[in-house]
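The values are calculated or read from the model by the stated rules, or taken from the named source; none is laboratory data. Please read these numbers as outputs of a predicted model, since none were measured by experiment. All Cβ positions, even for glycine, are placed from backbone atoms using ideal geometry, and neighbour counts span all protein chains on display. These area figures cover heavy atoms from the full protein model, side chains too; ligands, DNA and RNA do not enter into them. Shrake-Rupley method; radii C 1.70, N 1.55, O 1.52, S 1.80 Å.
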Amino acid sequence: MQEQILAMISEVKDDTGLAIRLNGHSSIMEDGGLDSLQLITFLLKVEERYGIVIDFEQFEFDCMESVTVFCNYISELQKTASA
């Protein structure tokens, strides 16, 4: 999942080398450099790819502190969606 998330960040940023420079410890916002529009685009891609719904009113930006933490957040949403 991490590789797919990194690829999506690179795609949104239109920077093919970004996925190589980032890793599981990288902050999606700071290291990924997403602006607000890119963040929304990224989250919509994640929703579509993983078949989940992210509640933007309840969304905690703490889960963006690293790619690993974000992947854990997505996994939890998938469990909730399939329950």
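Please count how many residues of the range 51-83 are assigned to a loop (DSSP other than H, G, I, E, B), among the hydrophobic types (A, V, I, L, M, F, W, C) and either open to solvent by 40 Å² or more (accessible area, probe 1.4 Å) or touching a residue at least 24 places away in the same chain (Cβ under 8 Å) (or both).
4
Go through the range 1-22 residue by residue and tally those that are part of a loop (DSSP other than H, G, I, E, B), polar (S, T, N, Q) and under 12 Å from the mean Cα position of the chain (by Cα).
Total satisfying the criteria: 0.
Report, by residue number, each residue of the range 23-39 that is open to solvent by less than 30 Å² (accessible area, probe 1.4 Å) and in a helix (DSSP H, G or I).
L39
Quick grid of which residues meet (1) at pLDDT 95 or above; (2) basic (K, R); (3) surrounded by fewer than 18 Cβ atoms within 10 Å (Cβ to Cβ):
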residue: V12; (1), (2), (3): yes, no, no
residue: T16; (1), (2), (3): no, no, yes
residue: R21; (1), (2), (3): yes, yes, yes
residue: T41; (1), (2), (3): yes, no, yes
